[in-house]
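For reference, the structure is listed below as structure tokens.
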Amino acid sequence: MTTVDYGVLSASKPFRRLTKKLPKHSGRNSQGRITMRHQGGGNKKLYRIIDFRQNKLDVPGRVLTMEYDPYRTAFIALVIFPDGEKRYILASKNMKPGDNLVAAENTPLKEGNRMKLKNIPVGYLVYNIELSKGKGGQLARSAGSYAEILARDSGYTQLKLSSGEIRKVSSENFASLGQVSNSDHNLVVIGKAGRSRWMGIRPTVRGSAMNPRDHPYGGGEGRALRGTRKPKTKWGKVTGGRKTRNKKKWSNIMIIKRRK
């Protein structure tokens, strides 16, 4: 079992005004039927309201605390502004309490600052990137993720995402400088079944261990072969080898190169 280093976090409780309790659904829809398997139980969680827009422009803020967020893989930072307002934002890799940040159309090239893509030099790493102007960051928000600015052309900025995909985003959109915090998250080894249960993950049964009526892989004497040419889901649908993206999806024109 391994965990990430939580020594960078502040020993403080979450700011209560920016938290709320979300109801648990255990993977069930409004009819009470399970539509997402293997979910349920787990420890109690409070949702932190994150400011992905960071639309308080030209107003410097100071990082008060670095905190854990049970609803996301990245760490978050509580920022206080001169008028006393506090907001949670996604923390960057080297962010620490006492750092000063600012969001503006053009800012100093300092990690954690937020500015328009057209003003960020080629080669810089960015995160929490807007796809639609004013909507707030949607790209590169999970632990350790980032995008690299490759080029600019006719009002668009070309970004290379961590998946290898290269896509165009309007240069008028905002992005934060740097890389998302908690980059060691992908090295975590859960270690035991009980820890998965604390995280709200219920057991997963292999298809080959089921009966034929329950799964396409079920049945047979002993350890039987799969018995089907293509991998299938529990409901007989082809998976893991068929393209599912809509060929007419509007954002296809923005993708220059597909992921690896």
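Working carefully through the options Leu22, Leu18, find the one that is free of Cβ contacts under 8 Å to residues at least 60 places away in the same chain and either within 21 Å of Tyr146 (Cα to Cα) or open to solvent by less than 100 Å² (accessible area, probe 1.4 Å) (or both).
Leu22
Give just the number: which of (1) touching a strand residue (DSSP E or B) at 6+ places or on another chain (Cβ under 8 Å); (2) modelled with pLDDT of 95 or more; (3) surrounded by fewer than 13 Cβ atoms within 10 Å (Cβ to Cβ); (4) not β-branched (Val, Ile, Thr) does Lys230 not satisfy?
(2)
Starting from residues that are under 33 Å from the mean Cα position of the chain (by Cα) and among the charged types (D, E, K, R), keep the ones in region 194-213 and report whichever is farthest from Pro70 (Cα to Cα).
Arg206
Taking the criterion of being open to solvent by 10 Å² or more (accessible area, probe 1.4 Å), among the hydrophobic types (A, V, I, L, M, F, W, C) and at positive phi, would at least one residue in region 121-141 satisfy it?
Yes, there is a match, as at least one residue in region 121-141 is open to solvent by 10 Å² or more (accessible area, probe 1.4 Å), among the hydrophobic types (A, V, I, L, M, F, W, C) and at positive phi.
Please enumerate the residues belonging to region 19-73 that are of a type in the set (Phe, Trp, Tyr) and out of contact with any Phe, Trp or Tyr (no Cβ under 7 Å at 6 or more places or on another chain).
Phe52 - this is the single residue of region 19-73 that is of a type in the set (Phe, Trp, Tyr) and out of contact with any Phe, Trp or Tyr (no Cβ under 7 Å at 6 or more places or on another chain).
Which residues, taken from region 34-52, are in a strand (DSSP E or B) and within 15 Å of Leu101 (Cβ to Cβ)?
Ile50
Looking at the structure I just gave you, is Ser10 touching a strand residue (DSSP E or B) at 6+ places or on another chain (Cβ under 6 Å) and either in a loop (DSSP other than H, G, I, E, B) or surrounded by 12 or more Cβ atoms within 10 Å (Cβ to Cβ) (or both)?
yes
In contact (Cβ under 8 Å) with a residue 60 or more places away in the chain, surrounded by 10 or more Cβ atoms within 10 Å (Cβ to Cβ) and of a type in the set (A, V, I, L, M): is that true of Ala175 in this structure?
Against the criterion (in contact (Cβ under 8 Å) with a residue 60 or more places away in the chain, surrounded by 10 or more Cβ atoms within 10 Å (Cβ to Cβ) and of a type in the set (A, V, I, L, M)), Ala175 qualifies.
Go through (1) modelled with pLDDT under 95; (2) assigned to a strand (DSSP E or B) one by one and return the number of the condition Asn55 breaks.
(2)
Report the residue count in region 146-166 for those that are buried (at least 22 other Cβ atoms within 10 Å of the Cβ) and not aromatic (Phe, Trp, Tyr).
The qualifying residues number 3.
The values are calculated or read from the model by the stated rules, or taken from the named source; none is laboratory data. Just so you know, these numbers come straight off a predicted model, no measurement behind them. When we count neighbours, we look across all protein chains shown, and the Cβ atoms used for this are built from the backbone with ideal geometry, even at glycine. The protein model used for the area step is the full one, side chains on, heavy atoms only, and it has no ligands, DNA or RNA in it. Shrake-Rupley method; radii C 1.70, N 1.55, O 1.52, S 1.80 Å.
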